[in-house]
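Novice: Next up is a structure, given as structure tokens.
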Amino acid sequence: MVTENLIHKQAVKVIVTDDDLCRSCRKRIGQSVFCRYPNGHLVHYSCFTKDANKTTTGGGSSSNSNSSSNMGK
């Protein structure tokens with residue numbers, strides 16, 4: 001069942017037109033490498049990796065610094 005679902009999801013074709021914009025930087029996708037989220041939104045691969053790095057490194061480090069500064073007071 002899971003394998004059939006995966007095959008179906010991977011078989012979906014995406015046609016990128018001149019009007020399609022990256023949801024992150026708002027520039028045209030054009031001939032660039034892109035990622036498609038499950039909700040259908042398109043982003044440049046470089047925007048996807050930047051956003052992923054912000055989520056994993058930005059969120060964790062800021063909460064750790066807040067925790068340590070609060071503990072010292």
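Any read-out appearing in this document is the output of simple, stated calculations on the displayed coordinates, not a laboratory observation. Keep in mind it's a predicted model, so treat the numbers as computed, not measured. Cβ sites come from the backbone with ideal geometry, for glycine too, and all protein chains shown count toward neighbours.
Novice: If we sort 11-23, 40-52 on the protection proxy, mean other Cβ atoms within 10 Å, highest first, what's the order?
Specialist: 40-52, 11-23
Novice: Right, another one. In nm, what is the difference between 0.36 nm times the number of residues separating Lys27 and Asn53 and their Cα-Cα distance?
Specialist: Contour length minus Cα-Cα distance gives 7.4 nm.
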